[in-house]
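These notes concern the structure reproduced below.
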Amino acid sequence: MASIETLAGETLHTLAARLRSTAEDQAAACPDCLTVARQMTGLFRETAHREAATKSLFQNLQQTLLKISHEIAVVCKDTRKLVHLDAYLLLLSECFRCLRNACIQCENNQNIMRNLGLIDVSVHLIQLLQNLKTDLESFVIAFRCSFQFLGNIATGNKDSQNRIWELAFPSVFLNCLNYQDEKIVSYCSMVLFTCLNPERMIELQEENNLNVVLAILQASRRYPESEWVFLIVTNHLLKCPELVNAMYAKLSNQERTKFLELILPEMNENDSVMNKEIARFLACCFEEKCHAVLKLASATNEADKEALVTIQLLDLLCEMTSHVGQLECLQACPDLLKMTVNTLQLVHLSGKQNTNIFTATHSATGQEQKSHPAVGFKAHLIRLIGNLCYKNKANQDKVYDLDGIPLILDNCTIDDNNPFVSQWAVYTICNLTEENERNQEYIAKMERQELANNSVLESMGLKVEQRDQKLLLKSVRKMPNL
């Protein structure tokens, strides 16, 4: 009795012969070849048939692809030939499906195809499809299947990855990432993700290749549910500080806001070396643009894009300083704390001079300004100051020198424009005074001189005690974990 492998080989041999004979007959090529290709696609779903495939079979498929390539090239030059295009595109899709299936967990088939030049033929066909002007559904399907094949032949095969990269980067990837079809973008991203490695990440940083990176970011905004695009962004782009810097510089303010939203969930304690570099870069961005938020004091500037970036940067810095890895490096940034206190001083003064979003308000409902982009901005500034002073004597003293303590105490009131601002102020005062006698005594003297409202200190769970000719600030209740 013949073995499964023998039967599989005989079946494929018969189909390969039929494929060769029908491909040689131009008049009947498409219908008969399509039938044979579909049969082989089905057979290659099984391991036995994949392992029984021969070089000659793939040579026959290659000849079919070359014939289709010729026909498409003719159509690109003469649109009057469009009448036969649909049949060729259907055959093209099936040939790619067949090759795709033959690659599954079969390195031998991957290598045979690559050595025959099937990757070269496929990339050439993709380039032809990119230049084809048609709304045929078969065109889009063929385009999708071409990348599915490249993705499968590249999986786990470095030599195939190298060949694809050599032929397709950057132009083919760039054009397909900008294509207006989610699946084409997704499959193209799958191939790109499979081919990326540390050396190619360095190549992406070159000025003339940044358009590919920007196209990936644009694709992530257009198709937020695309898994492969998301993986490129999170597993590669956001783990490369040099690329983050380069991308940020190329983006508009509106695009920067979206970009920062992508970074936020990725900034954790893993990969701390790279994250610290990115954290320092974002701190510098905030220092440079933090005063832009003052534009929001005017009702005519409520949608100012630069100010919205500043708000997003502040949110990101607050989250990063909540993690030990990023906190230490941000506490060491020489100007971050200074600019944060300075910005708090300016927005607080702006709210006192005129009635605007930075003016403290209190109503029965507390809903008046909830939709304004600057709601919570002062509270977040105070939160960031508190984080930067956490167990850091140098920063505690710096806030003292910058006259930041009275400023924070002045924000210990209910403010509908800054939910939880009083709680963040309590948290920050505690961090400012922890094991810092000078700051404790300073606040205590403010109380003694009636420069600070006693009810404010009480509401914060603090009281003043005199001991050995010194005024000390003491907690009267356990502070909440903020």
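The values are calculated or read from the model by the stated rules, or taken from the named source; none is laboratory data. Computed from a predicted model, the values in this text were never measured in an experiment. Methodologically, a virtual Cβ is constructed for each residue, glycine included, from the backbone with ideal geometry; neighbour enumeration extends over all protein chains shown. Just the protein is used for accessible areas: all its heavy atoms, side chains included, with ligands, DNA and RNA removed. Shrake-Rupley method; radii C 1.70, N 1.55, O 1.52, S 1.80 Å.
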Answer yes or no: is there a residue in the range 180-198 that is under 24 Å from Glu137 (Cβ atoms) and small (Gly, Ala, Ser).
yes
Run down Pro265, Pro224 and say which single residue is without any contact (Cβ under 8 Å) to a residue 24 or more places away in the chain, open to solvent by 30 Å² or more (accessible area, probe 1.4 Å), within 29 Å of Ser322 (Cα to Cα) and not in a helix (DSSP H, G or I).
Pro224
Return the residues of the range 305-364 that are surrounded by fewer than 23 Cβ atoms within 10 Å (Cβ to Cβ), more than 31 Å from the chain's Cα centre (by Cα), in a loop (DSSP other than H, G, I, E, B) and in contact (Cβ under 8 Å) with a residue 24 or more places away in the chain; say none if nothing qualifies.
Asn354, Asn356, Thr359, Ala360, Thr361, His362, Ser363
Do we have Arg163 as within 24 Å of Thr54 (Cα to Cα) and part of a helix (DSSP H, G or I) here?
yes
Going by the structure shown, is Lys378 outside any loop (DSSP other than H, G, I, E, B) and open to solvent by 10 Å² or more (accessible area, probe 1.4 Å)?
no
Total residues in the range 321-345, condition of a type outside the set (Asp, Glu) and in contact with a Cys (Cβ under 9 Å, 6 or more places away or on another chain)
8
Could you list, in sequence order, the residues of the range 241-255 that are out of contact with any Leu (no Cβ under 8 Å at 6 or more places or on another chain), open to solvent by less than 50 Å² (accessible area, probe 1.4 Å) and free of Cβ contacts under 8 Å to residues at least 40 places away in the same chain?
Tyr248
Subset of the range 173-221 that is of a type in the set (Phe, Trp, Tyr) and assigned to a helix (DSSP H, G or I) - its residue that is nearest to Ala154 (Cα to Cα)
Phe193
Of the residues in the range 34-51, how many are among the aliphatic types (A, V, I, L, M) and under 11 Å from Leu15 (Cβ atoms)?
4
Considering the range 50-100 alone, what residues qualify as being farther than 21 Å from Arg18 by Cβ, open to solvent by less than 20 Å² (accessible area, probe 1.4 Å) and in contact with a Lys or Arg (Cβ under 9 Å, 6 or more places away or on another chain)?
Val75
Looking at the range 285-304 only, could you name the residues that are open to solvent by less than 10 Å² (accessible area, probe 1.4 Å) and more than 27 Å from the chain's Cα centre (by Cα)?
Leu296
Of all residues in the range 91-144, how many are aliphatic (A, V, I, L, M) and within 20 Å of Cys176 (Cα to Cα)?
14
Find the residue count for the range 108-161, including only residues that are at pLDDT below 95, over 15 Å from Ile68 (Cβ atoms) and open to solvent by less than 10 Å² (accessible area, probe 1.4 Å).
0
